[in-house]
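**Q** Below is a structure I'd like to ask you about.
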Amino acid sequence: MKKVMMMALMAAAATTAFAQDDLVKQASRVDDYAQAVEMITPALTNAATVDKAKAWNTLADIAMRKYNKEDEARLTGSVTNAKFDQVGMVAAFTTALNAAVKCDEFDQLPNEKGKIKPRFHKGNVSRMKQPRVALINTGIDLINAQENETALAFYEAFVSSAKSPLFAEEKPSYVELASLYAGISAYNLKKYDVAKNYLTIALNDTAQEVKAQAQRYLLPSMASTLKTPQDTVNYINDLKGLLTANPDNTQFYGALGDILYQTNKIDELRALTAAHPTSELSYFYNGLIALDIDKKNDVAISEFSKIPSSSVFNPIATYNRARARYALVAEFAEQNSDARTGRMTPANEAKYKELVIAAKNEFEKVKELDPNQESFRWQYLLQNLTDVLGELNK
């Protein structure tokens, strides 16, 4: 009885295996792309499928048919202006690419004789190589058309497939460039952690334009993940790592300096500026520390003054130097006014007037740099100084 049951089970297993592999064959004959993919999908992961490499390669065949159809329509449309399914074309190739990589994993396994004899490797390299690279630019069109999900899926497949034996020898690899666009797509989708990972890879590109674009999206991606105190700690550590790898990068230095200042990690900020003693940003942060933390206005003015007028940091340095001069005016008045009458000696009043004029002139510079107060609120303080000077001149 047991023998009969075993025979029945073996027969059922053989039937199931045949059914799964037959499903692969049937799917390859279905013309409708969506139906063919739906039909073959169960066989891809079913343990009963005997020839997994063939199953995945068949999915690649099906997806490449869809890609080639749309690519032909694209080429024809360039002459006739007829429309084609660009999103569908890229999505189909993404499916084909992922399927080819998976096929190669099984194709590299030893056969029943213990030998490795890939059947699909060369064919997949041949048919995937050109469109895989060409679609990097097509993906940009998708990003511009707000088709970020499709673009991200393609660029993720591109980057991951670079590790496959199918494309491991490709030079140049374009991994950093594809990572840039993967990061931008993810950023547009508000998948900031995903964006951060890809944009960090893109920083390794040798092209300055690629690195600059990666930086442009990387910092806001990182900042957008700050929800808990631990997130802030991680953000600071990530910025430290980026700055260590890119010691001359002012964007990374500025972001790190800002978050250290905002979270009152002043000792760490002092250490940061000490490690970059000739950086204009070090002058700026030293000035802020002197002004707002140490209350040493003269030191603050000195530090802000080290930043040249030609620097991109000149406007914010000028504003904060004006703040420091304003604080110096208030400090001098408090220290040198009679406690009962509020008046100063003639000598002190003359010195006070010099300080007021210097502060007023500094705010006039800020006014010239930012007449509409888009970045700095100078009007109230400038008016106060104007009023004080008017009183002193009476």
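**Q** Out of (i) 68, 23, 17; (ii) 36, 29, 20; (iii) 49, 29, 18, which label holds the value of semi-axes √(5λ) of the Cα gyration tensor in Å that was computed here?
**A** Given (i) 68, 23, 17; (ii) 36, 29, 20; (iii) 49, 29, 18, the structure-derived one carries the label (i).
**Q** Toward the positive end of the charge dipole of the chain, about the Cα centre and with charges on Cβ (Lys, Arg +1; Asp, Glu -1), which of Gly342, Ile259, Phe363 goes farthest?
**A** The residue sitting farthest along the positive end of the dipole is Ile259.
**Q** Where the only charges are on Cβ atoms (+1 Lys, Arg; -1 Asp, Glu), what is the dipole of region 109-176 about its Cα centre, to the nearest 20 debye?
**A** Value, rounded to 20: 720 debye.
**Q** Moving to a separate point now. Of Gln213, Ile116, Thr95, whose Cα points farthest to the positive end of the dipole of the chain (charges on the beta-carbon: +1 Lys, Arg; -1 Asp, Glu; origin at the Cα centre)?
**A** Of the candidates, Ile116 comes out farthest on the positive side.
**Q** What whole-number value in Å² describes the accessible area per residue of the chain for a 1.4 Å probe? Kindly include the intermediate steps, with their values, before the conclusion.
**A** Values: 21860 Å² over 394 residues.
Per residue, the chain has 55 Å² of solvent-accessible surface.
**Q** What size of dipole, in debye to the nearest 20, comes out for region 307-394 about its Cα centre when the only charges are +1 on Lys and Arg C-beta atoms and -1 on Asp and Glu C-beta atoms?
**A** The dipole of region 307-394 has a size of about 100 debye.
**Q** Return the calculated 222 nm mean residue ellipticity for the chain, to the nearest 500 deg cm²/dmol, obtained by summing -39500 (n - 2.57) across DSSP H runs with n ≥ 4 and dividing by the residue count.
**A** That calculation yields -24500 deg cm²/dmol at 222 nm.
**Q** Let me ask you something else. Using Cα pairs closer than 8 Å and at least 6 residues apart in sequence, work out the relative contact order for region 266-332, in percent.
**A** It comes to 25 percent, rounded to a whole number.
**Q** Within region 149-197, which trypsin sites (Lys or Arg not before Pro) sit in a loop by DSSP and count at most 16 neighbouring Cβ atoms inside 10 Å? Can you show the working numbers first?
**A** Numbers: sites: Lys163, Lys190, Lys191, Lys196; in loops: Lys163, Lys190, Lys191.
Passing sites in region 149-197 are Lys163, Lys190.
**Q** Do any trypsin sites (Lys or Arg not before Pro) in region 270-340 lie in a loop, going by DSSP, with at most 13 other beta-carbon atoms within 10 Å of their beta carbon, and if so which?
**A** Lys295, Arg340
**Q** Let me ask something else about it. Just to confirm the number: angle between the C-alpha axis of helix 33-45 and the first principal axis of the chain, 0 to 90 degrees, nearest 10?
**A** Its long axis makes an angle of about 80 degrees.
**Q** Same structure, new question: What number, in percent, do you get for the relative contact order of the chain if the mean sequence gap of Cα pairs under 8 Å and at least 6 apart is divided by its residue count?
**A** Reported as a whole number, the value is 6 percent.
**Q** Between 0 and 90 degrees, rounded to the nearest ten: what's the tilt of helix 314-336 against the longest Cα principal axis of the chain?
**A** Compared with the principal axis, the helix lies near 40 degrees.
**Q** Given a 1.4 angstrom probe, I'd like the percentage of the accessible area of the chain that is carbon and sulfur, rounded to a whole number.
**A** Carbon and sulfur: 52 percent of the exposed surface of the chain.
**Q** Angle between the Cα long axis of helix 148-161 and the longest principal axis of the chain, 0 to 90 degrees, nearest 10?
**A** Long axis of 148-161 versus the principal axis of the chain: about 70 degrees.
**Q** May I have the count of lysine pairs in region 126-230 with C-alpha atoms under 15 Å apart, counting pairs 8 or more residues apart or located on different chains?
**A** 6
**Q** Sticking with this one: Are there GluC sites (Glu not before Pro) in region 360-394 that DSSP puts in a loop and that have at most 15 other Cβ atoms within 10 Å, and which ones?
**A** Loop-located and lightly packed - Glu374.
**Q** Let me ask another. What does the charge dipole of region 43-171 about its Cα centre add up to, to the nearest 20 debye, if the Cβ of each Lys and Arg holds +1 and the Cβ of each Asp and Glu holds -1?
**A** 560 debye
The values are calculated or read from the model by the stated rules, or taken from the named source; none is laboratory data. The model shown is predicted, which means the values in this text are computed figures rather than measured ones. As a convention, Cβ positions derive from the backbone with ideal geometry for all residues, glycine included, and neighbour counts pool all protein chains shown. Quick note on the areas: whole protein, heavy atoms, side chains included, nothing else; ligands and nucleic acids left out. Shrake-Rupley method; radii C 1.70, N 1.55, O 1.52, S 1.80 Å.
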